[in-house]
Each structure stands twice: as C-alpha cells, then as structure tokens.
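J.: Quick one: the structure is below, and I'll ask about it shortly.
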Amino acid sequence: MIATVVVVLLFVVLGLGTLFVAMSGGARGVPDTLHTQSRGGRRAVMVAVTVVIVGLGLAIPIWVGASNGDNHAKRAPGGLTLTASQVHGRELFARNCATCHTLRAANAVGVVGPNLDNLHPPAALVLNAVQFGRARGNGQMPAGLLVGQDAKDVANFVQAVAGRG
C-alpha cells in the first residue's frame, strides 16, 4: 500500500515537473519563467531542482524501507508477539501444513485437515500429529513431516496462535 502511494506520488511530481518545463519553453526557459536572468539565479534554480530530485531519490526509498522493515515477522493476530522459535514454526507451517489445514495466523486455508483455529490444539497434540501422522501414518497426514526442533517449533506456533482473532 505504501509503496503504491509513493510510486503514484513520484509520477505525479515528475509529471508536474515535466509540464512546468514544457510550458516554460524547455530547459532554458525555466530560468526565464522563474524571473532569473542572472547567472546566480540560474544557479539557484539548478541547485533547487537538484536538491528536490536527490531528496525524492533518497528520502522516499529510505522511508519505504524503514516502514517495510522486518519487524512485521514477529506479529501475529490478536496482538501476540511471536518468539523466534514461533516465527520459525510459522515458516515451517506455511511450507508443510498450510495446504491441508486452516490457520489464520499463517494465512492458511486448507480444507483436507482440521481447522486448527476451531480445534485449538495444545502443543503436545500438534507435536504428536506431526511426528506420528494420523491413522497410524496411513491416513492423509503422513508420519514424520517434521522432526526434532522443527516439529516443536510448529507445535509451539500452532498452540500460541490457533483461534486468536
């Protein structure tokens, strides 16, 4: 959203600048339009134009970069701030679980497995399902999708965010 507004504003400023230059008789007509016939006046106009161009070229990208920082990775629905382990769990959930399960915090809308927002599973149940699958590994959810700390991270993530608004 912010990037779109910035790009639109940039093109509006460039368009108005181009219109100004065109209406004033080209690049050499700009100083005449600004009533600057002296060498100092022309220099002042060129410095002002350079400052505006450099300002837009540096200030806008820095502002967009600062507002789109990586600080959003730890945010979850309901005002919850995720730990590093839970952020890792969200990434793993997105790669391994989101095609089958629904979980709002991971933007997952799968329909094969249960809706985890409705189920509110504890971490132990999620860990068991990830390790052993369902229907003894012969069901639609196979055993061993993730192991070790990866499985724990997913389980902790799901427990922390399932059912949060």
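J.: Could you check how many residues of the stretch 90-108 are within 19 Å of the chain's Cα centre (by Cα) and part of a strand (DSSP E or B)?
T.: Counting residues in the stretch 90-108 that are within 19 Å of the chain's Cα centre (by Cα) and part of a strand (DSSP E or B) gives 2.
J.: Then there's this: Please specify each residue of the stretch 123-147 satisfying the condition of being surrounded by fewer than 13 Cβ atoms within 10 Å (Cβ to Cβ) and modelled with pLDDT of 90 or more.
T.: Result: Ala124, Val147.
J.: Hey, another quick one. Restricting to the stretch 56-86, name every residue that is modelled with pLDDT of 70 or more, within 30 Å of Gly15 (Cβ to Cβ) and of a type in the set (S, T, N, Q).
T.: Hit for the stretch 56-86 is Ser67, nothing else.
J.: On to the next question. List the number of the failed condition for His120; all other conditions in (1) within 21 Å of Thr83 (Cβ to Cβ); (2) touching a Pro at 6+ places or on another chain (Cβ under 9 Å) hold.
T.: (2)
The values are calculated or read from the model by the stated rules, or taken from the named source; none is laboratory data. Small disclaimer: the values here were computed from a predicted structure and weren't measured. Methodologically, a virtual Cβ is constructed for each residue, glycine included, from the backbone with ideal geometry; neighbour enumeration extends over all protein chains shown.
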